[in-house]
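Nothing in this text is a laboratory measurement; each read-out follows from the coordinates by a stated rule. The shown structure was predicted, so the numbers you read here are calculated from the model rather than taken from an experiment. Counting neighbours? That spans all protein chains shown, and the Cβs are built from the backbone with ideal geometry, glycine included.
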């Protein structure tokens with residue numbers, strides 16, 4: 001993999017506390033939704049992640065908070081890197097935290113199927129990034145951003161949110177770089193929320209909610 005460039009962040013700044021009281025994750029319905037409402041303020045988001053919840057829109061006007069069971073995670077020692085992916089890792093330059101808003105905007109491209117990232121989400125996570133909690137990994141080719149991912153880091157947890165690519169394997173290369181970086185940070189848990197065939201092909205697995213919450217407690 002080409003040399004990695006990153007922008008060092010200061011120690012994360014704790015925001016104003018959350019004014020809401022979330023139900024426990026075990027209150028989720030059969031689809032994994034725990035509740036609706038609240039806001040996307042930094043303190044609210046961090047409280048939710050620390051409880052094992054994450055936000056996604058519900059319908060056109062509602063904010064939902066989710067805790068799926070089972071939960072998708074990517075074991076940090078279980079990433080599958082094919083020979084072709086290793087070759088792709090040598091093709092791209094990887095950077096960390098140099099273009100957070102651009103990565104989120106690319107992930108929010110309305111032309112993507114099942115897109116859900118709104119302007120409010122971009123603004124909210126940009127604030128988390130400025131406070132040192134949200135991070136991105138980027139892949140570049142000839143000076144152009146062609147792939148990446150973003151998520152939230154709390155303690156030894158990294159909660160992955162979304163990824164995108166404009167060139168073959170560009171998002172996968174970002175994931176390989178993320179896992180390598182998390183190893184250097186002694187991370188314990190890489191949350192991918194829902195398991196998809198794409199993530200499963202890279203080594204992600206399902207665990208039940210109880211196990212996830214136990215691992216989360218250890219990680220944060």
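How would you classify segment 136-175 from its alpha-carbon gyration tensor, with a ≥ b ≥ c the square roots of the eigenvalues: rounded for a/c under 1.5, else prolate if a/b is greater than b/c, otherwise oblate? Prolate, because a/c is 1.5 or more and a/b exceeds b/c.
Quote the FRET efficiency, to the nearest 0.05, computed for residue 77 versus residue 13 with a Förster distance R0 of 35 Å and r equal to the Cβ-Cβ distance.
Values: r = 32 Å, r/R0 = 0.90.
Efficiency, rounded to the nearest 0.05: 0.65.
Order these peptides, 85-93, 166-174, by their mean beta-carbon neighbour count within 10 angstrom, highest first.
Values: 85-93: 16.1, 166-174: 21.6.
Listed from highest to lowest mean packing, they are 166-174, 85-93.
Among 14, 138, sorting on how many other beta-carbon atoms sit within 10 Å of each Cβ, with the fewest leading, yields 14, 138.
The slack between residue 210 and residue 166, meaning 0.36 nm per residue of separation minus the straight C-alpha distance, is 12.2 nm. Take the Kirkwood radius over Cα pairs of segment 71-156, plug it into Stokes-Einstein at 20 °C and 1.002 mPa s, and you get 148 µm²/s for translational diffusion.
Across all Cα atoms of segment 53-113, the radius of gyration (one decimal) and Dmax (whole number) stand at 16.6, 44 Å.
Would you please classify the overall shape of segment 82-125 from the alpha carbon gyration tensor, given that a ≥ b ≥ c denote the square roots of the eigenvalues, rounded means a/c under 1.5, and beyond that prolate means a/b larger than b/c while oblate covers the rest? Can you show the working numbers first?
Details: a/c = 3.86, a/b = 1.78, b/c = 2.17.
It is oblate, given that a/c is not under 1.5 and a/b is not larger than b/c.
Using only the C-alpha atoms, the convex hull of segment 122-196 corresponds to 108 Å³ per residue. The modelled label-to-label distance between residue 30 and residue 186, using points 7 Å beyond Cα along the C-beta direction, is 4.5 nm. Our Cα-only numbers for segment 157-204 put the radius of gyration and Dmax at 10.9, 30 Å.
Placing dummy labels 7 Å off each Cα toward the beta-carbon, the span from residue 90 to residue 198 is 2.6 nm.
Hydrodynamic estimate: the Kirkwood radius of segment 41-187 over Cα pairs, inserted into Stokes-Einstein at 20 °C and 1.002 mPa s, corresponds to D of 134 µm²/s.
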